[in-house]
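Please read the structure below before turning to the comments.
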Amino acid sequence: ETKKKRKKIPLTRGEVEIRQKMTVEELAQAMGKDIDHIYEALLYTNINLDSLEPDSILHEDHIKIIVQKSGMKYKSAKLKEEKERKNTDAVKRPPADPAILTPRPPVVTILGHVDHGKTTLLDSLRKTQVASMEAGGITQHIGAFIVHMPSGEKITFLDTPGHAAFSAMRARGTNVTDIVILVVAAEDGVMQQTVESIQHAKNAGVPLILAINKCDKPEADPERVKKELLAHDVVCEEFGGDVQAVNISALKGDNLMVLAEATVALAEMLELKADATGLVEGTIIESRKDKGKGPLTTAIIQRGTLRKGCVLVAGKTWAKVRFLFDENGKAVDAASPGIPVEIMGWKESPSAGDEILEVESEQRAQEVVAWRTYVEQQEKMKKDLEVIEAKQREHRLEYEKKQQQMAHLTWRQRKAMLYKANKHLVFSRPKERAEMDENMLSLIVKGDVDGSVEAILNILDSYDCEDECKLDIVYFGMGDINENDINLAEAFNGVIFGFSVKANESIKKLADKKGIKIKLHNIIYKLIEDLKDELSSRLPPAVVETTIGEASVLDTFSVTVGKNKIPVAGCRVHKGLLDRKMKFKLIRNRDVIWKGCLSSLKHHKDDVQIIKTGMDCGLSLDKNLEFSIGDEIICYEEKEVQQTTSWDPGF
């Protein structure tokens, strides 16, 4: 009875239904065979088994060969005509009628170089201590805050990191911005990220206000800063331009109200208005995962009013808004245009920079996500197909070359030769071969927010030392280190790098038990330094030769031992000493002609261990080599030294 219940694979008298773009696994299922059988049959084709995985797509010609070699017949499956899918994507609404537009607060981004005082400036503006919480005083991820002016106006500030690694986050910050405050330290002047910030503002077409910080320092020179900026087309009002310049001290709070008033004045000139009615539109500034609340996003609303219960779509995920929080973590009922808000209720974490669009219902949101996923899959399939075709062309050329080399053999000899050459590949799957490669560092990267992970991945993209040690990113994501990360690291013999995340005691104990390294950092350049050390530890040690002594051959003679004549060199040590336990090399006309150990070392017929500078000696080698007068004998020691990676991430 149990045999009857077992599900049999339907097979019509050895006939296999084949179709285009079948994978190895799908073909094995269609034939009722295991994957190893397919690999064995592929030895008769020109496919390189090294690059083949169970989900690799096979060419139609190869599918036919596999079926025939297995003693079966094939028939082509009836192709289902795939209907052109209707575009169900969500799009922005047409521009609103100017009559219904209402004023909104300006969105201001503070840009500038590392440590020029951006966080301290924001800190002074909103009277909270963010800088003291930041690791090393460097802002690690974007934050959005509202500053209430005494006159009643509101200003929304975005704080972006100044570190080189966060270029993409700064670019994203300027895309939703109305005004950029460029912070330059009065004593440092224009630096690398200052120039980059000016470029981001120009690309986004956003006006600048110049805040010259640290003016309370004795070495401060605001005029030099203004002159340096002229080279980058930032012309201050006193030089006939349109950029307002304010001298401030963020630490002491000098002139901060003047800066805020300059911002309000510029915002009035820009006449910033928005439509607070209808479906919501906005941009995600940052996304993160919270243990209790699930995926959370910080967003700036650009149109409409966001309320609880709204259904939103961003990227390939959607949300039914359960709660809204302001920058202080207090629950709010609604968010109007220009206001930053934290949204709770996402199914998955969207990416920072994604556009938020409100849709009518949950069903409509699922339609939009399904369409976007479908479009991405189609694009991926197209790219994969191009890669596969290029590989196949390459393998075909290689195959034709081999065929020409074996043209003189009979058909049977050729097949036997090919089978013997490739037989070992069947018993070693590609995954196993990757694991056997010791010179590889597998990474699991975890970050607190989407932008941090993105910045780390951007740095890792610049890795160009694959010949020294391969770098394989097994997994990346947001949130604290968990058991899945430990299991992944164990499976791939990897290292876990966490940025501004935690690992609880039970996770640390589990990692210790399994011998998994967990590296946690709060400052990005410290993380990269640690990664470089880890890469260096995977490199084989370099052997370094240290010269201990040098001697010159002054005379040559031979000694008879039994029936053998052994060449002996009469030498004088002119540098260091000769130690019989060490290694030696013989140099003639600047060429090394022998390396090895001495068979004897004598001083006045006595066997000795060491000959010092100025002393004469006779020595023979462990190989019967004839000496010449003028040869150099070098005594040296070999030491293993740990190599360091030559990868330079640029900071």
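Show the residues, 5+ positions off or on another chain, whose built amide H is closer than 5 Å to the amide H of PHE476.
Under 5 Å from the amide H of PHE476: VAL445.
Leaving out ligands and nucleic acids, and using a 1.4 Å probe, what accessible area per residue does region 448-547 come to in Å²? Could the numbers behind the result be given before it?
Working: 5000 Å² over 100 residues.
Per residue, region 448-547 has an accessible area of 50 Å².
Can you give me the relative contact order of the chain as a percent, contacts being Cα pairs under 8 Å and 6 or more apart?
Values: 1245 pairs, mean separation 62.0, N = 651.
Dividing the mean separation by the residue count of the chain yields 10 percent.
Let me spell out the model: positive unit charges on the Cβ of Lys and Arg, negative unit charges on the Cβ of Asp and Glu, origin at the Cα centre of region 15-76. What dipole size does that give, in debye rounded to 20? Walk me through the numbers before you get to the answer.
Numbers: 7 positive and 12 negative charges, 76 e Å.
It works out to roughly 360 debye.
Over region 281-359, with the other protein chains present, what is the accessible area per residue in square angstrom, probe 1.4 angstrom?
Each residue of region 281-359 exposes 38 Å² on average to a 1.4 Å probe.
Taking the solvent-accessible surface of protein heavy atoms with a 1.4 Å probe, what is the per residue accessible area of region 15-76 in Å²?
Values: 3030 Å² over 62 residues.
Accessible area per residue, region 15-76: 49 Å².
On the full set of protein chains, 1.4 Å probe, figure out the accessible area of TYR525 and give it in Å² to the nearest 10.
Probe radius 1.4 Å; accessible area of TYR525 about 80 Å².
Based on DSSP H runs of at least 4 residues, each adding -39500 (n - 2.57), what is the mean residue ellipticity at 222 nm of the chain after dividing by all its residues, to the nearest 500 deg cm²/dmol? Show your work: numbers first, answer last.
Numbers: 16 runs with 199 residues, N = 651.
Using -39500 (n - 2.57) per qualifying helix, the result is -9500 deg cm²/dmol.
Can you report the principal axis dimensions of the chain using only the alpha carbons, biggest first, rounded to whole angstrom?
Extents along the principal axes, in whole Å: 115, 89, 51.
How large is the charge dipole for the chain, taken about the Cα centre, if only the Cβ atoms of Lys, Arg (+1) and Asp, Glu (-1) carry charge, to the nearest 20 debye?
Once rounded to the nearest 20, the dipole reads 3780 debye.
Give me the percent of accessible area attributable to carbon and sulfur for the chain, probe 1.4 angstrom.
49 percent
Net charge near VAL183, counting Lys/Arg +1 and Asp/Glu -1 over other residues with Cβ under 10 Å of its Cβ?
After counting each charged neighbour, the total is +2.
Taking amide H positions as placed in the peptide plane 1.01 Å from N, state which residues far from LEU441 in sequence (5 or more) or on other chains have amide H under 5 Å from it.
Under 5 Å from the amide H of LEU441 lie the amide H atoms of LYS470, LEU471, ASP472, each far enough along the sequence or on another chain.
Averaging sequence separations of C-alpha pairs under 8 Å and six or more residues apart, then dividing by the length of region 497-651, give the relative contact order as a whole percent.
29 percent
Out of the trypsin sites (Lys or Arg not before Pro) in region 493-585, which ones are loop residues according to DSSP with at most 16 other C-beta atoms within 10 Å? It would help to have the intermediate numbers written out before the result.
Numbers: sites: LYS502, LYS508, LYS509, LYS513, LYS514, LYS517, LYS519, LYS526, LYS532, ARG538, LYS563, LYS565, ARG572, LYS575, ARG580, LYS581, LYS583, LYS585; in loops: LYS502, LYS517, LYS563, ARG580, LYS581.
Within region 493-585, the qualifying trypsin sites (Lys or Arg not before Pro) (loop, at most 16 other Cβ atoms within 10 Å) are LYS502, LYS517, LYS563, LYS581.
Which ³J(HN,Hα) values, rounded to whole Hz and listed in residue order, are derived for region 542-556 from phi using the Karplus coefficients 6.51, -1.76 and 1.60 in 6.51 cos²θ - 1.76 cosθ + 1.60 with θ = phi - 60°, glycine and proline given as x?
The phi angles translate into 8, 8, 10, 8, 10, 6, 9, x, 10, 9, 10, 7, 9, 8, 10 Hz.
Specify the inter-centroid distance of region 261-309 and region 477-500, based on alpha-carbon positions, in whole Å.
Each part's Cα centre sits 34 Å from the other's.
What's the longest bit of the chain with no exposed GluC sites (Glu not before Pro), using DSSP loop states and at most 13 other Cβ atoms within 10 Å as the test? Please report the intermediate quantities before stating the final value.
On the way: sites that count: GLU1, GLU81, GLU82, GLU84, GLU219, GLU271, GLU360, GLU438, GLU466, GLU626.
The longest such stretch corresponds to 467-625.
How much accessible surface area, in Å² rounded to 10, belongs to the heavy atoms of TRP594 with a 1.4 Å probe?
Rounded to the nearest 10, the figure is 20 Å².
Output wanted: per-residue J couplings in Hz (rounded whole) for region 359-365, from phi through Karplus 6.51 cos²θ - 1.76 cosθ + 1.60, θ = phi - 60°, x for Gly and Pro.
Running phi through 6.51 cos²θ - 1.76 cosθ + 1.60 with θ = phi - 60° gives 10, 6, 8, 5, 4, 5, 4 Hz.
Got a sec? Charge dipole of the chain, +1 on Cβ for Lys and Arg, -1 for Asp and Glu; which of MET149, MET72, ASN48 is way out at the positive end?
Checked the options; the winner is MET72.
Going by alpha carbons, how many degrees (0 to 90, nearest 10) lie between the helix axis of 483-492 and the longest principal axis of the chain?
Long axis of 483-492 versus the principal axis of the chain: about 30 degrees.
For CYS465, tell me the accessible area in Å² from a 1.4 Å probe, rounded to the nearest 10.
Rounded to the nearest 10, the figure is 10 Å².
From the C-alpha gyration tensor of region 542-641, pull out the three semi-axes of the equivalent ellipsoid (sqrt of 5λ each), sorted largest to smallest, in whole Å. Write out the running numbers ahead of the final one.
Details: eigenvalues 89, 44, 36 Å².
Gyration-tensor ellipsoid for region 542-641: 21, 15, 13 Å.
Rank SER537, SER552 by accessible area, highest first, at a 1.4 Å probe radius?
SER537, SER552
Out of residues 5 or more away from THR23 or on other chains, whose amide H comes under 5 Å of its own, with H placed 1.01 Å from N in the peptide plane?
LEU58
Using DSSP to call loops (not H, G, I, E or B), can you name the trypsin sites (Lys or Arg not before Pro) in region 265-323 whose Cβ has at most 16 other Cβ atoms within 10 angstrom?
Passing both the DSSP loop test and the Cβ count: LYS291, LYS293, LYS308.
Kindly write out, for region 224-237 in residue order, the coupling ³J(HN,Hα) from the Karplus curve 6.51 cos²θ - 1.76 cosθ + 1.60 (θ = phi - 60°), rounded to whole Hz, with x marking Gly and Pro.
Here the 3J(HN,Hα) series is 4, 4, 4, 5, 4, 6, 4, 5, 10, 6, 10, 9, 6, 4 Hz.
Given the pairs LYS293/LYS446; LYS380/LYS402; LYS565/LYS623; LYS21/LYS75; LYS118/LYS217; LYS291/LYS514, which span a C-alpha to C-alpha distance of over 22 angstrom in this model? Display every interim value, and only then the final one.
Numbers: LYS293/LYS446 19 Å; LYS380/LYS402 33 Å; LYS565/LYS623 12 Å; LYS21/LYS75 15 Å; LYS118/LYS217 16 Å; LYS291/LYS514 25 Å.
In this structure, LYS380/LYS402; LYS291/LYS514 lie more than 22 Å apart at Cα.
The values are calculated or read from the model by the stated rules, or taken from the named source; none is laboratory data. Being a predicted model, the structure only gives us computed values, none of them experimental. As a convention, Cβ positions derive from the backbone with ideal geometry for all residues, glycine included, and neighbour counts pool all protein chains shown. Areas reflect the complete protein model, heavy atoms only, side chains present, ligands, DNA and RNA absent. Shrake-Rupley method; radii C 1.70, N 1.55, O 1.52, S 1.80 Å.
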